[in-house]
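Remarks on the structure that follows.
The values are calculated or read from the model by the stated rules, or taken from the named source; none is laboratory data. All of these numbers come straight from a predicted model, not from anything done at the bench. Neighbour counts are summed over all protein chains in view; Cβ atoms, including those assigned to glycine, are modelled from backbone coordinates with ideal geometry.
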Amino acid sequence: MTTSTGTFAEPAPSALLLLGRGADLASERGVECVGALPAPGDPTLVERARAARAALGDRAFVLGHHYQRDEVIAFADVTGDSFKLAREAAARPDAEFVVFCGVHFMAESADILTSDAQQVVLPDLAAGCSMADMAAIDQVEDAWDVLVDAGVAQDTVPVTYMNSTAAIKAFTGRHDGTVCTSSNAHVALRWAFDRVGGLDGRGKVLFMPDQHLGRNTAVTQLGLSLDDCVVFDPRRPGGGLTTRQLRDARMILWRGHCSVHGRFSARNVADVRAAVPGVTVLVHPECTHEVVTAADMVGSTEYIIKALDAAEPGTSWAIGTELNLVRRLAAQHPGLSVHYLDSTVCFCSTMNRIDLPHLVWTLESLVEGRVPNRIVVDADDARWARVALDRMLALPGH
């Protein structure tokens, strides 16, 4: 559970939240209209941001996720993926305020890893993550009960992707599991299988919340088969699976996905190959298995950035990840021919809620002595989530 300053209505768990009408801060659906935001067309926004940033000095540390708008990235002290940014914040204990220009679960991770003296702020509480919201803690606890009833829980290790709520990370910590990133998912899965008899045994992994990252990692990097994977649907009785299916499975994949990476299709890959001879198709492992197997290269956001940094001038690339990053990479590498893999435009809509007006409002509020939209993780959840994160940090490669 997360809390924030202000007074909020308590919607029913399944309620759709109208913009500006309350918040569900235990999920990624938290929504709050903050009131007097600067107008998007205000010509003084850049100067106001500079002035507020200068007034705060070292008291504030601004983090910018790779998928943020350029207008926001311009004011970030550090850019990176979610876990890198949380660790960067923890490495600066003198910063009183951590302004996380990302989404809700990222700010939660920063609050878990930073000291009690630091205050983590999310410029817009509506900047959530649809993937993280696909695994609610009550659903996950009910799913574990299903595994217990099927007699497989004792042979199952939960692994949650970084793109999950603090409550899900805490669940993983309590049940002797770990967290992973898209870069180290294969290491985390090997660790998990080793705890239940190895890859050749009958142990299992419950992987949350992105089914595609779990499937792609298990099949392309660990040598498991598609038949070893089943999908647990929390909206169906028993996850939509029989006891036999649960007992035979090696990877129990949560029915979740990224709304951006899930848009890419094998047809997109075929079309770009036809349109751009010699193109190298590079995609994120949150894409579907069909897209991953059709691509030339697969890797995390940091992997994609490094691949283009090392690319030969004159080469052509089709990138399957969030459009803000693809456009930024194209601008940074004018010697390359960089294409967006999808045939239509799709930004991460919740990430894009953080814009220059929200950042200016946040920074000016801090200058004036107000701390808006502070993200505070429940102490018990923070403790167990930290256990799961520490297990990840102890894996090879960290």
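Does any residue in segment 70-92 that is closer than 19 Å to Ser164 by Cβ come within less than 7 Å, Cβ to Cβ, of a residue that is buried (at least 17 other Cβ atoms within 10 Å of the Cβ) and among the charged types (D, E, K, R) six or more places away or on a different chain, and which pairs are these?
Correct list of pairs: Gly80/Glu88.
Considering only segment 378-392, how many residues are among the charged types (D, E, K, R) and under 13 Å from Glu108 (Cβ atoms)? Quick ask: steps written out before the conclusion?
Initially, segment 378-392 is screened for residues among the charged types (D, E, K, R), giving 378, 380-381, 383, 386, 390-391.
Add one more test, that the residue is under 13 Å from Glu108 (Cβ atoms), and what stays is 378, 381, 386.
Qualifying residue count, segment 378-392: 3.
Report, by residue number, each residue of segment 117-135 that is under 29 Å from Arg59 (Cβ atoms) and assigned to a loop (DSSP other than H, G, I, E, B).
Ala117, Gln118, Leu122, Pro123, Asp124, Leu125, Ala126, Ala127, Gly128, Cys129
Scanning for something in contact (Cβ under 8 Å) with a residue 12 or more places away in the chain and within 18 Å of Thr181 (Cα to Cα), does segment 261-271 turn up at least one residue?
Among the residues of segment 261-271, at least one is in contact (Cβ under 8 Å) with a residue 12 or more places away in the chain and within 18 Å of Thr181 (Cα to Cα), which makes the answer yes.
Somewhere in segment 317-324, is a residue within 30 Å of Pro43 (Cβ to Cβ), among the acidic types (Asp, Glu) and outside the structural domain of Asp42 (by TED's automatic domain parsing)? Working first, answer last.
As a first pass, look at segment 317-324 and keep what is within 30 Å of Pro43 (Cβ to Cβ): 322-324.
Checking which are among the acidic types (Asp, Glu) leaves us with 322.
From what is left, the residues that are outside the structural domain of Asp42 (by TED's automatic domain parsing) are 322.
Checking segment 317-324: at least one residue is within 30 Å of Pro43 (Cβ to Cβ), among the acidic types (Asp, Glu) and outside the structural domain of Asp42 (by TED's automatic domain parsing).
Report, by residue number, each residue of segment 182-209 that is of a type outside the set (Gly, Ala, Ser), assigned to a loop (DSSP other than H, G, I, E, B) and free of Cβ contacts under 8 Å to residues at least 12 places away in the same chain.
Answer for segment 182-209, where residues must be of a type outside the set (Gly, Ala, Ser), assigned to a loop (DSSP other than H, G, I, E, B) and free of Cβ contacts under 8 Å to residues at least 12 places away in the same chain: just Asp200.
Identify, by number, the condition in (1) more than 22 Å from Ala388 (Cα to Cα); (2) within 15 Å of the chain's Cα centre (by Cα); (3) of a type in the set (A, V, I, L, M) that Ala110 doesn't meet.
(1)
Take the residues in segment 281-309 that are polar (S, T, N, Q) and surrounded by fewer than 20 Cβ atoms within 10 Å (Cβ to Cβ), then tell me which one is nearest to Ser337 (Cα to Cα).
Ser300
Looking at segment 382-398 only, could you name the residues that are within 18 Å of the chain's Cα centre (by Cα) and surrounded by 17 or more Cβ atoms within 10 Å (Cβ to Cβ)?
Ala382, Ala385, Arg386, Ala388, Leu389, Met392
Restricting attention to segment 72-88, which residues are assigned to a helix (DSSP H, G or I) and either of a type outside the set (Ser, Thr, Tyr) or under 22 Å from Asp380 (Cβ atoms) (or both)?
If the condition is that a residue be assigned to a helix (DSSP H, G or I) and either of a type outside the set (Ser, Thr, Tyr) or under 22 Å from Asp380 (Cβ atoms) (or both), then Val72, Ile73, Phe83, Lys84, Leu85, Ala86, Arg87, Glu88 are the ones that fit.
Determine, yes or no, whether Val103 is assigned by TED's automatic domain parsing to the domain that holds Leu356, at pLDDT 95 or above, surrounded by 20 or more Cβ atoms within 10 Å (Cβ to Cβ) and among the aliphatic types (A, V, I, L, M).
The answer is no for Val103.
Looking at Val298, Val338, Val326, Val291 in this structure, which one is hydrophobic (A, V, I, L, M, F, W, C) and closer than 27 Å to Pro123 by Cα?
Details: Val298 fails: closer than 27 Å to Pro123 by Cα; Val338 fails: closer than 27 Å to Pro123 by Cα; Val291 fails: closer than 27 Å to Pro123 by Cα.
Unique residue meeting the criteria: Val326.
Checking Leu359 against (1) modelled with pLDDT under 95; (2) surrounded by 21 or more Cβ atoms within 10 Å (Cβ to Cβ), which single condition isn't satisfied?
(1)
Which residues, counting only those in segment 236-266, are among the charged types (D, E, K, R) and at pLDDT below 95?
Arg263
Out of all the residues in segment 368-379, which are touching a residue at least 40 places away in the same chain (Cβ under 8 Å) and either part of a loop (DSSP other than H, G, I, E, B) or surrounded by fewer than 16 Cβ atoms within 10 Å (Cβ to Cβ) (or both)? Lay out the reasoning, then the answer.
Here is the first cut: in segment 368-379, the residues touching a residue at least 40 places away in the same chain (Cβ under 8 Å) are 371-378.
The answer is Val371, Pro372, Asn373, Ile375, Asp378.
Can you tell me how many residues within segment 89-116 are touching a strand residue (DSSP E or B) at 6+ places or on another chain (Cβ under 8 Å) and assigned to a helix (DSSP H, G or I)?
8
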